[in-house]
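Following: one structure in structure tokens, then a few remarks.
Derivation of every value follows stated rules applied to the coordinates shown; laboratory data play no part. Owing to the predicted nature of the structure, the values given are computational and were not obtained by experimental measurement. Because the Cβ atoms are built from the backbone with ideal geometry, glycine has one as well, and the counts that use them run over all protein chains shown.
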Amino acid sequence: MSRPVRIGVQLQPQHAPEYALIRDAVLRAEDAGVDIVFNWDHFFPLTGDPVGAHFECWTMLGAWAEQTERVEIGALVTGGGYRNPDLLADMARTVDHISDGRLILSIGAGWFQHDYDEYGYEFGTPGTRLNLLKDSLPRIKARLAKLNPAPTREIPILIGGGGERKTLRLVAEYADIWHSFADLDALAHKNKVLAEHAAAAGADASRIERSVPWPGRAKADALHTAGVTLFTVGVSGPDYDLTTVEQAIEWRDDVNPEPLEGLA
């Protein structure tokens, strides 16, 4: 399946002592021409001061839904263990409506123990967190189908992670977008594993968009040739410097074909 390249920016909600800094970064990102604006679902900074300034992601997504006009929005990624899956589906449906159909529901098993310990969630093991994600995904799909009013569209589901036995099986069954940190060699192998899981589930692996962090222009060329079409640049507060984002957008515009004009 042929897709245009898309560029996302992850505005990491850390080290911004005032929300106005994040609001401004969202405005600048949309004006710069990004396709998607993500945040992340953590409760504390992942870099720098571990108890530095930080804001919660889903409340923020509601604000972004009102602030923005064109870009898709989402969390890269929602922690699967933090919320009842039926509630998460309802939250996603609500943000979907506020944004007029621009939400991506991104989810993963979770990994940052500080979040779990400080907020009273059971951290468990990688296996138990993945089992929880496995149980949550069909509940999310079922709740989305029951909500009134229904979502404005079939909300795209992004699943983050690269585990070959469990995570990629869930990607094959549920995901519209697969986000990984795989390099070129690992991606080629994992694509084969994903295709096997998809075939076993009676699904088409080619319908799943491949997503990775922005690796720089030279590596992006090779990854795009290998099938990646969504690249996301991560930037942190308080400055939210979009220089690299602008470079990625320039590369995207060089790679994507020119739209045909004047054809009926």
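Assorted remarks:
- In a fully extended conformation the segment linking LYS219 and THR152 would gain 20.5 nm over its present Cα-Cα distance, using 0.36 nm per residue.
- Pairs of lysines in the chain (C-alpha under 28 Å apart; 8 or more residues apart or interchain): 13
- For the pair TYR19 and THR59, label points projected 7 Å from Cα toward Cβ lie 0.7 nm apart.
- When TYR240, TYR121 are sorted by how many other C-beta atoms sit within 10 angstrom of their C-beta, beginning with the fewest, the order is TYR121, TYR240.
- FRET efficiency, 1/(1 + (r/R0)^6) with R0 25 Å, evaluated for ASP254 and ARG70 via beta carbons: 0.75
- Fewest-first ranking of TRP178, TRP64, using other Cβ atoms within 10 Å as the exposure measure: TRP64, TRP178
- Between ARG3 and ASP185, full extension at 0.36 nm per residue minus the direct alpha carbon distance yields a gain of 63.4 nm.
- Dipole orientation for the chain: of the candidates THR47, THR243, SER99, SER99 has the Cα lying most toward the positive pole (charges on Cβ; Lys, Arg +1; Asp, Glu -1).
- Rounded to the nearest 500, the 222 nm mean residue ellipticity of the chain from helices alone is -13500 deg cm²/dmol, with -39,500 (n - 2.57) taken per DSSP H run of at least 4 residues.
- Local charge for ASP253 was computed over the other residues whose Cβ lies under 13 Å away, with Lys and Arg +1 and Asp and Glu -1, and equals -2.
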